[in-house]
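A.B. asks: Could you have a look at this structure, given as C-alpha cells, before my questions?
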Amino acid sequence: MPLDFVRAHTTLAPVPFVPELLLSQAREPIALWEATEASGTPQPPPFWAFAWAGGQALARHLLDDPDLVAGRSVLDLATGSGLVAVAAARAGAAPVIANDIDPYSLAAARANAEANGVKVETVEADLLDTDDKYGVVLAGDVFYSREMAGRVLPFLHRAAGRGSLVLVGDPGRAYLPEGLIERAVYEVPVSEELESVPVRRTTVWQVTAPR
C-alpha cells in the first residue's frame, strides 16, 4: 500500500524553511530512490519524500501572506509531498486540491495533511489538458525538464487567463520560462545530497495570461 510505504521510508519532521509545518521526509534519499524501483516495475522518482526549494518558498509565501489564498479554492499542481497544499489549507484556503499522477505522492499528501490538522483533497490525474477554474493555482519546482515545462506553462497561462492567481516557486531550474512577475525571493535550505548545495536562492513568480 502506498501509505504504508510512505510511512516506512520517511520520518515526520519540521520543514527547514517552514518549521511550523510537519512533513514526511526521507531519511536516506538515495536508498529511497532504489526502494521505489525494487518491485521491478518503472516508478516515478520519489519527489513526494523531500521538501524541494520551490515548494518551501511557496509555502513560506502563503503563510506569510494568507490573504492570497484565504477563502479561495486552490489547486496545488504536481503536489509531490503536498507541502504547498498543506500550507494553503493552513492559510485558510478551501477547498484545497492536491494533484499528482503518482499514488505515492497523494498518499504522502494525505498523511502530511493529517499530521498538520488540515483538510486537503487529492486527485490522481493528469490535469494539464483540462480547464477547470480555481481561485488560485500553485506549482512548485515544475520546470525541471523541457517536456514538463512545455506542458505545464500552457496550463498555467490558461488558468491565469480565466482569472486565477497563478504562483510558482522555482530555484532557477533549467527550463524556467521568461516573462514571469517576481513576487518574492528567499534563501531556502535544501538537501545537499540532492541539490549539491545547502541553500538555493528561490523565487516565487506570478504567471499571467499571455498577451
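What follows draws every value from the coordinates through simple rules; no lab data is involved. Computed from a predicted model, the values in this text were never measured in an experiment.
A.B. asks: If you plug each phi of the range 2-10 into the Karplus form 6.51 cos²θ - 1.76 cosθ + 1.60 with θ = phi - 60°, what whole-Hz ³J(HN,Hα) values come out, in order, with x for Gly and Pro?
C.D. replies: Values per residue, Gly and Pro as x: x, 5, 4, 5, 4, 5, 6, 10, 9 Hz.
A.B. asks: Per-residue ellipticity at 222 nm for the chain, helices alone: DSSP H runs ≥ 4 residues times -39500 (n - 2.57), over residue total, nearest 500 deg cm²/dmol? Display every interim value, and only then the final one.
C.D. replies: On the way: 7 runs with 69 residues, N = 211.
Calculated at 222 nm, the ellipticity per residue is -9500 deg cm²/dmol.
A.B. asks: Now for a different question. Any chance you could check the Cα centroid distance between the range 179-206 and the range 110-165 for me, in angstrom?
C.D. replies: Cα centres, the range 179-206 to the range 110-165: 19 Å.
A.B. asks: Given H placed on each backbone N at 1.01 Å, which residues far from Arg201 in sequence or on other chains put an amide H within less than 5 Å of it?
C.D. replies: Val188
A.B. asks: Can you tell me the mean projection area, over all orientations, of the convex hull of the chain's alpha carbons? Units nm², please.
C.D. replies: Working: hull surface 42.7 nm².
One quarter of the hull surface, i.e. the mean projection, equals 10.7 nm².
A.B. asks: Among Glu20, Glu178, Glu192, determine the one that fluctuates most according to a GNM of the chain built with springs between C-alpha atoms less than 10 Å apart.
C.D. replies: Taking springs between Cα atoms under 10 Å, the residue moving most is Glu178.
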